[in-house]
Amino acid sequence: MSEDRDEKGCGGRGEECGRGMTRRNFLASLGVGAIAIAASGNPAAEKEASAAVIKSGEALEINLQINGHAHRLLVEPRWSLLHVLREELGFTGTKEGCERGECGACTVLIDNIPRYACMTLAVEAEGKEITTLEGLMHGEKLGAVQQAFVEHDALQCGYCTPGQIMAVEGLLRKKPDPSLDEIRTGVSGNLCRCGAYVNIFKAAKKAGQLKRGGVL
Ligand code: FES
Ligand code: FES
């Protein structure tokens with residue numbers, strides 16, 4: 001279990017999991033609770049529930065700060081940050097995997113802390129600094145963590161790689177010289193079905209060295 005999730009009281013894999021909010025709260029915010037009431041046969045509760053469901057379809061105007069740039073857009077309250085990043089704004093470096101807080105493919109940094117974008121509502125991210133994989137680039141040049149992943153061949157199919165890179169970036173922003181155990185914990189919320197972990201750990205160590213040497 002990562003330290004960040006400890007601080008938030010989240011477990012990572014169970015009901016209370018999530019880099020962003022609990023699964024229970026997330027479902028409630030989608031109006032699922034309201035739908036359940038609607039199916040209960042209680043007319044008063046049903047009326048209230050349908051109002052809640054209708055409300056979730058209304059658009060809200062929000063401002064998101066992504067990779068140092070402001071984006072003003074209309075979102076539905078139920079939209080995840082993952083949906084908004086990929087489908088509304090074109091930040092496709094953030095990958096869609098399980099969409100339920102289990103794989104880590106969608107990891108982004110929110111105020112420098114790794115979070116699952118699929119478990120974070122876009123409206124929750126307003127006023128925070130969001131960093132995606134694209135934000136680690138320096139023009140056409142790779143950032144330190146991206147460079148280290150290439151040097152250490154820290155991938156096979158590559159699907160988990162953007163999330164792993166963001167998890168390592170978040171770890172190094174907090175702990176510039178992490179031990180192997182700290183690296184293991186830092187990427188413990190990111191699954192690699194190809195089992196490329198050994199090289200991911202080596203890449204994380206190397207990325208720390210690069211950053212300490214001035215490469216960003
Ligand atoms: S897509 Fe978000 S954790 Fe799997
Ligand atoms: S490299 Fe294939 S899932 Fe990690």
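Please treat every number below as a calculation from the coordinates, not as lab data. These figures come from a predicted structure and were not determined experimentally. Cβ coordinates were reconstructed from backbone atoms using ideal geometry, including for glycine residues, and neighbour counts include every protein chain displayed.
Once the Cβ-Cβ distance of VAL198 and LYS175 is raised to the sixth power relative to R0 = 25 Å, the FRET efficiency obtained is 0.80.
Taking 0.36 nm per residue of separation and subtracting the Cα-Cα distance, full extension of the segment from GLU134 to LEU89 would add 15.0 nm.
Distance distribution P(r), the stretch 50-157, all Cα-Cα pairs, bin width 5 angstrom from 0: 2, 12, 20, 23, 19, 12, 6, 3, 2, 1, 0 percent. Label-to-label distance, LYS141 versus ASN63, with points set 7 angstrom from Cα along the beta-carbon direction: 3.1 nm.
As a proxy for reagent exposure, ranking ASP181, ASP111 by other Cβ atoms within 10 Å from fewest up yields ASP181, ASP111.
Full-extension gain between SER188 and ASN112, please, as 0.36 nm times their residue separation minus the C-alpha to C-alpha distance. Spell out each step's value before the answer.
Values: separation 76, 0.36 × 76 = 27.36 nm, distance 1.71 nm.
Length gained, SER188 through ASN112: 25.6 nm.
With R₀ set to 25 Å, the beta-carbon distance separating ARG100 from CYS157 gives a calculated FRET efficiency near 0.75.
Which of rounded, prolate, oblate describes the stretch 137-216, given a ≥ b ≥ c as roots of the alpha-carbon gyration tensor eigenvalues and a/c under 1.5 marking rounded, otherwise prolate only if a/b is larger than b/c?
On the way: a/c = 1.72, a/b = 1.17, b/c = 1.48.
Oblate.
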